[in-house]
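A quick write-up on the structure given underneath.
The values are calculated or read from the model by the stated rules, or taken from the named source; none is laboratory data. Just so you know, these numbers come straight off a predicted model, no measurement behind them. Methodologically, a virtual Cβ is constructed for each residue, glycine included, from the backbone with ideal geometry; neighbour enumeration extends over all protein chains shown. With ligands, DNA and RNA removed, areas are computed over all heavy atoms of the protein, side chains included. Shrake-Rupley method; radii C 1.70, N 1.55, O 1.52, S 1.80 Å.
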Amino acid sequence: MRLNGRRQSDNVEDRRGMSTGAKAGIGGIGGIIVVALITLMSGGSLTDVIGNVVQQQLQSQVQEQPGNGQTEFSEEELQFAEFSKTVLAGTEDVWTEQFQKHGLKYEYPTLVLFTGATSTACGTGQSAMGPFYCSGDQKLYVDLSFFTTMGSSLGVKTDDNTSFAYAYVIAHEVGHHVEYLRGILAKCHQKMSRLNKAEANKLSVKLELLADYYAGCWAHYDDAQYGSLDDNDLEEAIECAQKIGDNYLQEKAQGYSQPETFTHGTSQQRMYWLKKGYETGDWNTTTFEEGDLD
Ligand SMILES: [Zn+2]
């Protein structure tokens, strides 16, 4: 993306180098990065960006402790942090305007950068879960090493450290925040708690695809205003969407996929909704059908 000289958000909490005493037992599945989703706890719900399969109660209340004292970062870590703050500022501008257009106020979420594990209003967050959003504190939690993992474990190819594929990850989490502010997240989680697992998973998929769609919507307006997307950007993000599809991850991990366990949508669905958001930017479009959230 071309973001040079753009504003960086101040709504960032840098907890890198701090560690927690938590030892939450989230393990990998078949060697891919884990993936926990929808932990319904008092104080909010937790929703991740990638993946499927694991439902996990997380320990709450962890004491932050002085960590490894990391204060120096590699060139790549610096770039990813600057990039994330600039993308976050871009989402603040776009969503403020979109909310205003509909007579609503956009409240900024906070981006928390952390390494390893950190406490959240939704329990302990682990970097192994991938980036996630907690509605209990309206914060997005990102361990920037995930961006490196995207290339190594998921095989997402990017031109450089400013690819839209990385922005898509941030914008997807912001998408959950938009769902929260529009009341969709709470309604959906309430409904899910009354359903059996297979039915609840179907709704989870819609929630995730909507966050993908909102990520696309953000890019639609950001690109329109700043011409921020490079030639390869959209393809790289779409390829990323493909590689975090449930069917793709499951096939890679276990050799076959189980559609009834999908929580984030197939590669095709994720690519479709991200692209549709980018093409239209339409506030009124939704992945939910009538009656889904009643
Ligand atoms: Zn998500």
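Does Val169 satisfy being open to solvent by 10 Å² or more (accessible area, probe 1.4 Å), in contact (Cβ under 8 Å) with a residue 60 or more places away in the chain, within 12 Å of the ligand (Cβ to nearest atom) and of a type in the set (A, V, I, L, M, F, W, C)?
Judged against the criteria, Val169 is not a match.
Which condition from (1) in contact with a helix residue (DSSP H, G or I) (Cβ under 7 Å, 6 or more places away or on another chain); (2) surrounded by fewer than 22 Cβ atoms within 10 Å (Cβ to Cβ); (3) more than 25 Å from Phe83 (Cα to Cα) is the one that Leu207 breaks?
(2)
Conditions tested, residue by residue: (1) buried (at least 24 other Cβ atoms within 10 Å of the Cβ); (2) modelled with pLDDT of 95 or more.
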{"position": "Cys122", "(1), (2)": "yes, no"}
{"position": "Ala128", "(1), (2)": "no, no"}
{"position": "Phe146", "(1), (2)": "no, no"}
{"position": "Ser152", "(1), (2)": "no, no"}
{"position": "Asn161", "(1), (2)": "no, no"}
{"position": "Gln190", "(1), (2)": "no, no"}
{"position": "Tyr214", "(1), (2)": "yes, yes"}
{"position": "Cys217", "(1), (2)": "yes, yes"}
{"position": "Tyr221", "(1), (2)": "no, yes"}
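Name the one entry in Gly130, Gly216 that is within 13 Å of the ligand (Cβ to nearest atom) and in contact with an Asp or Glu (Cβ under 9 Å, 6 or more places away or on another chain).
Going through Gly130, Gly216 in turn, the sole match is Gly130.
Scan Leu111, Leu140 and give me the residue that is free of Cβ contacts under 8 Å to residues at least 60 places away in the same chain, within 16 Å of the ligand (Cβ to nearest atom), under 26 Å from Asp93 (Cβ atoms) and open to solvent by less than 40 Å² (accessible area, probe 1.4 Å).
One residue alone meets the criteria, Leu140.
Tell me, please, whether a residue that is without any contact (Cβ under 8 Å) to a residue 60 or more places away in the chain, away from the ligand (no atom under 14 Å from the Cβ), aromatic (Phe, Trp, Tyr) and not in a helix (DSSP H, G or I) can be found in the range 265-283.
Scanning the range 265-283 turns up no residue that is without any contact (Cβ under 8 Å) to a residue 60 or more places away in the chain, away from the ligand (no atom under 14 Å from the Cβ), aromatic (Phe, Trp, Tyr) and not in a helix (DSSP H, G or I).
List pairs: first residue in the range 207-222 and within 11 Å of Glu279 (Cβ to Cβ), second residue away from the ligand (no atom under 15 Å from the Cβ) and assigned to a helix (DSSP H, G or I) anywhere in the structure, Cβ distance under 6 angstrom, at least six positions apart or on different chains.
Qualifying pairs under 6 Å: Gly216/Tyr278; Ala219/Tyr278; His220/Tyr278.
Count, please, the residues in the range 173-212 that happen to be under 21 Å from Thr261 (Cα atoms) and either assigned to a loop (DSSP other than H, G, I, E, B) or under 18 Å from the mean Cα position of the chain (by Cα) (or both).
Total satisfying the criteria: 19.
If I ask for residues that are within 16 Å of the chain's Cα centre (by Cα), at pLDDT 90 or above and closer than 23 Å to Ser119 by Cα, which ones from the range 48-107 would you list?
Phe80, Ala81, Ser84, Lys85, Leu88
Of everything in the range 221-259 that's over 21 Å from Asn4 (Cα atoms) and assigned to a loop (DSSP other than H, G, I, E, B), which residue is nearest to the chain's Cα centre (by Cα)?
Ile244
Look at Gly183 and say whether it is farther than 27 Å from Ser228 by Cα, within 16 Å of the ligand (Cβ to nearest atom) and not basic (Lys, Arg).
The answer is no for Gly183.
Which condition number in (1) at negative phi; (2) in contact with a helix residue (DSSP H, G or I) (Cβ under 8 Å, 6 or more places away or on another chain); (3) surrounded by 21 or more Cβ atoms within 10 Å (Cβ to Cβ) is the one that Phe99 fails?
(3)
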